[in-house]
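**Q** Take this structure first; my questions come after.
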Amino acid sequence: MIEATVPLSRIEEMVRTCRACALGSLRTNAVPGEGNAEAEVMFVGEAPGYYEDQAGRPFVGQAGKLLDDLLARAGLSRLDVFIANVLKCRPPGNRDPLPGEMDACSAHLNAQVDAIDPRVIVTLGRYSMQRFLPGSTISRVHGQRFERDGRIVVPMYHPAAALHQGSLRAVIEADFAKLPEYMRTPVKAPEPAPQPAEQGRLF
Ligand code: URA
């Protein structure tokens, strides 16, 4: 069955009315994500915090200011990229996302990736990284380039981590500085699928 890509405006509407998990009844505003619908680079954070929940927009607090600086280092602005989160609603007290919440929200993120079709996905923080590179350890893989499903996936530390742990600031800056090069490098063509042996044919 061929599934049609859902337009971003429809995904946004679905997110804003979603009640698939308990967070739907706790939010002030859902935070679907925003940016360039044809972005080559998509950033995926963890979940809205207090300010994002108030504004209905991603990364508008302190971590967002740092993200803006980091984007500028890579020669990018919010107008060039799309910014989303694994969870579209704020967990109470900014606690970590629960597995059931991530499962409930996963169709929204999948639909956004399909609609935007970015060449590069930058994961911000561990929860986003686990979504695209399960089993990875951020301290080992941050800033490296991986290929998954015909896209480049680059795991990065969460900007909030650099705000809490000053020594990570230089690490995140160095990782963001690699982005322009990753954006230039082609994604390898997928290996052709092995053809099933022709039945009943003798050589
Ligand atoms: N942290 C996130 O992961 N996402 C936001 O939108 C804001 C802070």
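The values are calculated or read from the model by the stated rules, or taken from the named source; none is laboratory data. Bear in mind the structure is a predicted one, so any value in this text is a computation, not a measurement. Cβ placement follows ideal geometry from the backbone for every residue including glycine, while neighbour counts extend to all protein chains displayed. In case anyone asks, the SASA skips ligands and DNA or RNA and just uses the protein heavy atoms, side chains included. Shrake-Rupley method; radii C 1.70, N 1.55, O 1.52, S 1.80 Å.
**Q** Answer yes if at least one residue in the stretch 91-107 is in contact with a Lys or Arg (Cβ under 6 Å, 6 or more places away or on another chain), farther than 25 Å from residue 70 by Cα and open to solvent by less than 20 Å² (accessible area, probe 1.4 Å), and no otherwise. Reasoning before the result, please.
**A** Our first condition is that a residue be in contact with a Lys or Arg (Cβ under 6 Å, 6 or more places away or on another chain); within the stretch 91-107, this holds for 105.
Within this subset, residues satisfying the condition of being farther than 25 Å from residue 70 by Cα are 105.
Among the residues that remain, those that are also open to solvent by less than 20 Å² (accessible area, probe 1.4 Å) are: 105.
Yes, the stretch 91-107 has at least one match.
**Q** Does residue 85 satisfy the condition of being more than 13 Å from the ligand (Cβ to nearest atom) and either within 18 Å of the chain's Cα centre (by Cα) or of a type in the set (Lys, Arg) (or both)?
**A** On the way: more than 13 Å from the ligand (Cβ to nearest atom): no; either within 18 Å of the chain's Cα centre (by Cα) or of a type in the set (Lys, Arg) (or both): yes.
The answer is no for residue 85.
**Q** Examine the stretch 24-42 for a residue that is more than 8 Å from the ligand (Cβ to nearest atom), without any contact (Cβ under 8 Å) to a residue 12 or more places away in the chain and more than 24 Å from residue 157 (Cβ to Cβ), and state whether such a residue exists.
**A** Here is the first cut: in the stretch 24-42, the ones more than 8 Å from the ligand (Cβ to nearest atom) are 24-30, 32-42.
From the residues that got through so far, the ones that are without any contact (Cβ under 8 Å) to a residue 12 or more places away in the chain too are 25.
Among the residues that remain, those that are also more than 24 Å from residue 157 (Cβ to Cβ) are: 25.
Looking through the stretch 24-42, at least one residue is more than 8 Å from the ligand (Cβ to nearest atom), without any contact (Cβ under 8 Å) to a residue 12 or more places away in the chain and more than 24 Å from residue 157 (Cβ to Cβ).
**Q** Among (1) open to solvent by 10 Å² or more (accessible area, probe 1.4 Å); (2) within 13 Å of the ligand (Cβ to nearest atom); (3) in contact (Cβ under 8 Å) with a residue 60 or more places away in the chain, where does residue 114 come up short?
**A** (2)
**Q** Grab the helices (runs of 4 or more DSSP H) fully contained in the stretch 102-177, keeping just those with 1 or more residues being touching a Phe, Trp or Tyr at 6+ places or on another chain (Cβ under 7 Å).
**A** Values: elements: 126-132, 138-141, 159-164, 168-177.
Fully inside the stretch 102-177 and qualifying: 138-141, 168-177.
**Q** So which residues in the stretch 178-203 are assigned to a loop (DSSP other than H, G, I, E, B) and either surrounded by 10 or more Cβ atoms within 10 Å (Cβ to Cβ) or modelled with pLDDT of 95 or more (or both)?
**A** Correct list: 178, 185, 187.
**Q** Sticking with this structure for a sec: Just one of (1) away from the ligand (no atom under 16 Å from the Cβ); (2) at pLDDT 95 or above trips up residue 160, so point out which.
**A** With (1) away from the ligand (no atom under 16 Å from the Cβ); (2) at pLDDT 95 or above applied to residue 160, the lone miss is (1).
**Q** Related question: Residues in the stretch 57-69: is at least one away from the ligand (no atom under 13 Å from the Cβ) and either over 25 Å from residue 145 (Cα atoms) or under 16 Å from the mean Cα position of the chain (by Cα) (or both)?
**A** Applying the first criterion (away from the ligand (no atom under 13 Å from the Cβ)) to the stretch 57-69 yields 69.
Still in the list and also either over 25 Å from residue 145 (Cα atoms) or under 16 Å from the mean Cα position of the chain (by Cα) (or both): none.
The answer is no, given that none of the residues of the stretch 57-69 is away from the ligand (no atom under 13 Å from the Cβ) and either over 25 Å from residue 145 (Cα atoms) or under 16 Å from the mean Cα position of the chain (by Cα) (or both).
**Q** Within the stretch 117-139, track down each residue that is hydroxyl-bearing (Ser, Thr, Tyr), within 14 Å of the ligand (Cβ to nearest atom) and open to solvent by 30 Å² or more (accessible area, probe 1.4 Å).
**A** Filtering the stretch 117-139 down to residues hydroxyl-bearing (Ser, Thr, Tyr) leaves 123, 127-128, 136-137, 139.
Filter again for within 14 Å of the ligand (Cβ to nearest atom), leaving 123, 127-128.
Selection gives 127 alone.
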